[in-house]
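Data block below; observations after.
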Amino acid sequence: MEITVQWIRTSWTKKSRGGQAASRRNAAPVGFVLPHARTGACAHVIRMHERDGFEPFDTQEDRREADVRLREDDGRLSVFPRVQPMFGLPPRPRRPPAVRLAPVQWVRWQLNYRFSSAKGMRDWSYWLDTFNIAYGPVKADVFLSTPTVSVDEQGPLR
């Protein structure tokens with residue numbers, strides 16, 4: 001069965017924690033139209049950085065490079081994002097279980113991270129990963145609609 005992966009990483013520093021920069025960051029999309037030429041072995045990867053005014057830059061990468069575990073079993077797709085790196089996690093309760101998708105369903109799963117420099121010399125930096133994953137054939141605008149399942153695994157960033 002066809003599996004479509006869209007991975008959006010938004011990254012910023014303390015400069016975008018408030019004011020206009022935070023408004024721009026918070027207005028960043030959580031879903032994009034898929035590229036016309038795509039294959040099931042590729043993930044649609046979008047990066048948005050504070051230094052670029054959160055302008056999206058997209059590429060296609062090998063789906064195995066996406067930080068998400070996908071497993072087909074008994075006509076369903078099990079989806080579970082990997083947490084990389086563990087030291088970047090803000091405090092949060094236990095991780096939820098994997099989501100099992102039936103054909104024509106899709107999930108939006110969001111995780112956030114917080115980092116300091118090794119010696120504490122630079123500002124904190126942050127990123128938000130949004131995984132949009134569909135099981136079965138989809139239209140190019142599928143990730144602009146409401147997901148079948150939504151998992152918000154964001155913790156406090158302080």
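Please treat every number below as a calculation from the coordinates, not as lab data. Keep in mind the model is a prediction, meaning the values are calculated, not measured. All Cβ positions, glycine included, derive from the backbone under ideal geometry; neighbour counts span all protein chains shown.
Sum -39500 (n - 2.57) across every DSSP H segment of at least 4 residues in the chain, then divide by the residue count to get the 222 nm mean residue ellipticity, nearest 500.
After summing the helix terms and dividing by residue count, I get -1500 deg cm²/dmol.
Report for segment 3-153 the percent antiparallel among DSSP-assigned beta bridges with both residues inside it, nearest 5.
Beta bridges within segment 3-153, antiparallel portion: roughly 75 percent.
The value of relative contact order for segment 20-65, using C-alpha pairs under 8 Å at least six residues apart, is 35 percent.
Computed from phi, the 3J(HN,Hα) profile of segment 123-139 under the Karplus parametrisation 6.51, -1.76, 1.60 (θ = phi - 60°) reads 5, 4, 10, 9, 8, 10, 9, 10, 10, 10, 10, 10, 10, x, x, 9, 7 Hz, with x in place of Gly and Pro. Derived scalar couplings between HN and Hα for segment 9-26 equal 10, 10, 10, 7, 10, 4, 4, 9, 8, x, x, 5, 5, 5, 4, 4, 4, 5 Hz in order, rounded to whole Hz, by the Karplus curve 6.51 cos²θ - 1.76 cosθ + 1.60 (θ = phi - 60°), x for Gly and Pro.
The amide H of G155, built 1.01 Å from its N in the peptide plane, has N112 as neighbours under 5 Å, considering only residues 5 or more places off or on other chains. Each residue of segment 98-108 was assigned a 3J(HN,Hα) from its phi angle through the Karplus expression (A = 6.51, B = -1.76, C = 1.60, θ = phi - 60°), giving 4, 9, 10, 9, 8, x, 6, 9, 8, 10, 10 Hz with x at Gly and Pro. Remark on H49: its backbone amide H falls under 5 Å from those of S11, F54, E55, a criterion applied only to residues 5 or more positions apart or on other chains, H modelled at 1.01 Å from N.
Extension gain, F57 to A140: 0.36 nm times the residue separation minus the Cα-Cα distance gives 28.1 nm. Averaged over residues, the count of other Cβ atoms within 10 Å places the peptides 126-137, 103-114, 55-66, 70-81 in the sequence 126-137, 103-114, 70-81, 55-66, highest first.
In whole percents, the pair-distance distribution calculated for the chain from its alpha-carbon pairs, binned every 10 Å from zero, is 10, 39, 35, 14, 2, 0.
Contact order, relative form, for the chain: 30 percent (alpha carbon pairs under 8 Å, 6 or more residues apart, mean separation divided by residue count).
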